[in-house]
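Step one of this worksheet: look at the structure below.
The values are calculated or read from the model by the stated rules, or taken from the named source; none is laboratory data. Owing to the predicted nature of the structure, the values given are computational and were not obtained by experimental measurement. FYI the Cβ positions are ideal-geometry reconstructions off the backbone, even for glycines, and counts take in every protein chain you see. Each accessible area value is taken on the protein alone, full model and side chains, heavy atoms only, with ligands, DNA and RNA left out. Shrake-Rupley method; radii C 1.70, N 1.55, O 1.52, S 1.80 Å.
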Number of protein chains: 2
Amino acid sequence: MKESPEEKRHRLIELAKASVTSAYSTGEHSVILAVNTSNELEKARNLLHEKLEDWYGIFFPELRLSNPLTYARFVSEFGMDKKAVDKAKLHDLLGNSADEVYTKIGNSIGVEPSPTEYEMLKRIADYEIEMAKMQESIDSYLKERATALMPNVTHLVDYKIAAELLSKAGSLSKMALMPAGTIQLLGAEKALFKHIKFGSKPPKYGILFKLPQITNASKWNRGRIARLYATKICIAAKADAFTKNFIAEKLKSDIEATIAKYNAQPQRQKKPQPQRQQRPYRSQRQQYGRGQRGHRRF
Amino acid sequence: MKESPEEKRHRLIELAKASVTSAYSTGEHSVILAVNTSNELEKARNLLHEKLEDWYGIFFPELRLSNPLTYARFVSEFGMDKKAVDKAKLHDLLGNSADEVYTKIGNSIGVEPSPTEYEMLKRIADYEIEMAKMQESIDSYLKERATALMPNVTHLVDYKIAAELLSKAGSLSKMALMPAGTIQLLGAEKALFKHIKFGSKPPKYGILFKLPQITNASKWNRGRIARLYATKICIAAKADAFTKNFIAEKLKSDIEATIAKYNAQPQRQKKPQPQRQQRPYRSQRQQYGRGQRGHRRF
């Protein structure tokens with residue numbers, strides 16, 4: 001029996017629905033969304049913390065703590081009546097810097113907050129602490145999922161960096177088919193296009209710059225270490241996406257050996273290179289009038 | 001006995017400290033900080049909600065609810081297993097749109113989240129609900145403080161608008177000494193300077209645009225209603241800052257009478273005005289080279 005157009009349309013819609021459903025059931029999306037949510041939470045927490053420091057700063061302007069969470073805990077525990085603070089408890093919270101803060105409390109020019117005002121402050125502070133806990137739990141979920149999805153890549157780099165690479169690439173199979181050079185520059189799109197359009201210096205790394213091995217490397221080694229990681233991540237991603245073999249041990253020892261070799265070499269002298277002429281910025285270009293704009297150099 | 005320089009220095013530092021302390025104890029700062037925190041929270045909540053919709057959208061892409069909090073409650077209550085949702089409970093949450101959503105659930109192409117993933121989603125949703133509660137409590141604190149600090153101004157306009165005006169002005173006494181024209185344009189600084197520098201249209205209102213009386217007014221009346229409010233707020237702020245009399249009843253009935261008069265008038269025909277020449281933008285100015293830049297029109 002021949003299918004009527006109506007039946008055919010219905011069947012095709014069902015097929016499309018099924019393919020959408022299956023595309024979303026690989027678990028890649030939850031990794032991507034978890035890392036985005038974690039980053040977003042970080043931002044929201046910073047916004048809120050800024051306001052907390054602004055506000056509690058009226059009552060204790062001398063307080064400076066490098067860790068925002070310790071600051072929030074201080075407000076939550078001692079904010080009501082800082083003059084009556086217990087030195088032992090302060091020590092539990094602040095460790096070595098407790099004595100310094102204790103002296104500051106004695107000399108503070110701030111007044112004490114009113115009970116209703118303190119209630120607000122405590123709420124904001126507790127909330128910030130809660131937010132940090134939530135971020136932690138999302139991170140641990142992310143770690144579990146990212147490690148299950150990409151055992152090879154997460155063995156080479158931190159799970160968060162792996163998840164961010166995945167998020168930029170869009171999906172694991174897309175990432176596996178990317179050339180190493182693209183992986184190296186994921187997250188550096190802006191600098192890359194500035195390079196292509198205006199001839200500024202090309203970027204050497206994008207998200208990969210968060211790797212401690214690159215951050216801590218000497219400046220002249222950073223580019224090649226990023227390149228090295230990119231090539232190995234490229235291989236690892238293929239294994240994660242297609243063969244599902246665990247080959248990361250070998251890759252990791254390769255990387256370590258090569259970095260050791262790089263570090264042993266002295267800094268190379270730069271060869272003098274012909275200067276590439278920088279394309280003028282838009283505002284400067286307009287000086288020559290509109291007629292010029294057709295003549296693109298690329 | 002004459003004061004030694006050391007004693008004098010010490011006495012002056014103490015005086016400065018005392019004046020800082022008293023400046024911060026008027027309660028104006030807590031109003032300013034509360035309104036800023038409330039706005040910041042709003043932003044953070046929007047960031048978070050976006051992520052929640054992104055994430056839960058995988059499992060139920062058809063769900064569209066105009067109120068973000070209702071969305072969060074839906075995720076928190078029914079997100080785990082939307083197919084097994086109880087129709088009566090759904091009706092409690094969604095009211096009239098429950099039937100529509102119920103049909104959408106039946107036809108949804110989304111899969112159900114795994115338990116660990118749902119745990120994350122529920123946490124984010126609960127957190128968002130919590131955040132809204134906190135914002136509410138800050139707002140009610142703000143309302144109480146702003147009304148106590150500025151009984152006259154808050155009688156004329158919403159307490160949030162009054163607090164934002166105060167925040168822009170810096171302090172109540174500064175606000176009381178401002179001309180009405182400045183109050184009218186608080187929050188429209190960008191448009192104002194664009195007008196001064198480049199001769200674009202001058203702004204008619206800043207923060208005051210949030211007043212429903214202005215938003216809902218006909219277009220040709222908005223400017224003068226803003227002007228009217230600004231003049232009355234200016235008087236009310238002086239009363240709040242200096243005399244502490246409650247004169248807002250009179251001011252409010254004045255405003256209402258004048259608005260009624262404006263609304264009764266037909267739209268005036270615009271007189272043709274000489275066109276003010278617009279100063280070219282920076283990028284256009286550069287066409288003529290740097291020599292021209294000394295010739296400012298103002």
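Taking only the range A:9-32 into account, find how many residues are open to solvent by 70 Å² or more (accessible area, probe 1.4 Å) and closer than 22 Å to A:ARG145 by Cα.
Count: 3.
Would you mind telling me which numbered condition in (1) open to solvent by less than 30 Å² (accessible area, probe 1.4 Å); (2) small (Gly, Ala, Ser); (3) more than 10 Å from chain B (Cβ to nearest Cβ) A:SER97 fails?
(1)
Does B:GLU42 meet the test of being under 30 Å from A:ALA148 (Cα atoms) and modelled with pLDDT of 80 or more?
Numbers: under 30 Å from A:ALA148 (Cα atoms): no; modelled with pLDDT of 80 or more: yes.
No; evaluated as a whole, the condition is false for this residue.
Given the conditions (1) open to solvent by 50 Å² or more (accessible area, probe 1.4 Å); (2) part of a helix (DSSP H, G or I); (3) within 23 Å of A:ARG268 (Cβ to Cβ); (4) out of contact with any Lys or Arg (no Cβ under 8 Å at 6 or more places or on another chain), report the number of the one that A:PHE193 does not fulfil.
(3)
Checking B:LEU149 against (1) hydrophobic (A, V, I, L, M, F, W, C); (2) within 11 Å of chain A (Cβ to nearest Cβ); (3) open to solvent by 10 Å² or more (accessible area, probe 1.4 Å), only one condition comes out false. Which one?
Going through (1) hydrophobic (A, V, I, L, M, F, W, C); (2) within 11 Å of chain A (Cβ to nearest Cβ); (3) open to solvent by 10 Å² or more (accessible area, probe 1.4 Å) one by one, B:LEU149 breaks only (2).
What is the number of the single condition among (1) touching a Phe, Trp or Tyr at 6+ places or on another chain (Cβ under 8 Å); (2) in contact (Cβ under 8 Å) with a residue 60 or more places away in the chain; (3) within 11 Å of another protein chain (Cβ to nearest Cβ); (4) not acidic (Asp, Glu) that A:PRO113 does not meet?
The failed condition is (2).
At least 1 residues that are over 30 Å from B:MET120 (Cβ atoms), in contact with a helix residue (DSSP H, G or I) (Cβ under 7 Å, 6 or more places away or on another chain) and facing another protein chain (nearest Cβ under 10 Å) in each: list the helices (runs of 4 or more DSSP H) lying fully within the range A:1-93 that qualify. Full working, then the answer.
Details: elements: A:5-23, A:28-56, A:68-78.
Per the criteria, A:28-56.
For B:LEU228, indicate whether it is in a helix (DSSP H, G or I), closer than 22 Å to B:LYS270 by Cα, touching a residue at least 12 places away in the same chain (Cβ under 8 Å) and open to solvent by less than 60 Å² (accessible area, probe 1.4 Å).
On the way: in a helix (DSSP H, G or I): yes; closer than 22 Å to B:LYS270 by Cα: yes; touching a residue at least 12 places away in the same chain (Cβ under 8 Å): yes; open to solvent by less than 60 Å² (accessible area, probe 1.4 Å): yes.
Judged against the criteria, B:LEU228 is a match.
Do we find that B:ALA44 is crowded, with 20+ Cβ neighbours inside 10 Å, out of contact with any Ser or Thr (no Cβ under 6 Å at 6 or more places or on another chain) and more than 30 Å from B:ASN245 (Cβ to Cβ) in this structure? Give the derivation first.
Values: crowded, with 20+ Cβ neighbours inside 10 Å: yes; out of contact with any Ser or Thr (no Cβ under 6 Å at 6 or more places or on another chain): yes; more than 30 Å from B:ASN245 (Cβ to Cβ): yes.
So B:ALA44 passes the test.
Are any of the residues in the range B:202-216 open to solvent by 20 Å² or more (accessible area, probe 1.4 Å) and over 19 Å from the mean Cα position of the chain (by Cα)? Even if it seems obvious, please write down each step before you answer.
Taking the range B:202-216 as the starting set, the residues that turn out to be open to solvent by 20 Å² or more (accessible area, probe 1.4 Å) are B:202-205, B:209-210, B:212-213, B:215-216.
After this cut, where a residue has to be over 19 Å from the mean Cα position of the chain (by Cα) as well, the list is B:202.
Yes, some residue in the range B:202-216 is open to solvent by 20 Å² or more (accessible area, probe 1.4 Å) and over 19 Å from the mean Cα position of the chain (by Cα).
Which one of the conditions (1) crowded, with 19+ Cβ neighbours inside 10 Å; (2) of a type outside the set (Asp, Glu); (3) in contact (Cβ under 8 Å) with a residue 40 or more places away in the chain does B:PRO61 fail to meet, given that it meets all the rest?
Every listed condition holds for B:PRO61 apart from (1).
For the range B:64-75: of the residues being surrounded by fewer than 19 Cβ atoms within 10 Å (Cβ to Cβ) and hydroxyl-bearing (Ser, Thr, Tyr), which is modelled with the lowest pLDDT?
Filtering the range B:64-75 for residues that are surrounded by fewer than 19 Cβ atoms within 10 Å (Cβ to Cβ) and hydroxyl-bearing (Ser, Thr, Tyr), the one modelled with the lowest pLDDT comes out as B:SER66.
Go over the candidates A:TYR127, A:TYR118, A:TYR159 one by one and state the one that is among the aromatic types (Phe, Trp, Tyr), open to solvent by 40 Å² or more (accessible area, probe 1.4 Å) and either under 17 Å from the mean Cα position of the chain (by Cα) or within 11 Å of chain B (Cβ to nearest Cβ) (or both).
On the way: A:TYR127 fails: open to solvent by 40 Å² or more (accessible area, probe 1.4 Å); A:TYR118 fails: open to solvent by 40 Å² or more (accessible area, probe 1.4 Å).
One residue alone meets the criteria, A:TYR159.
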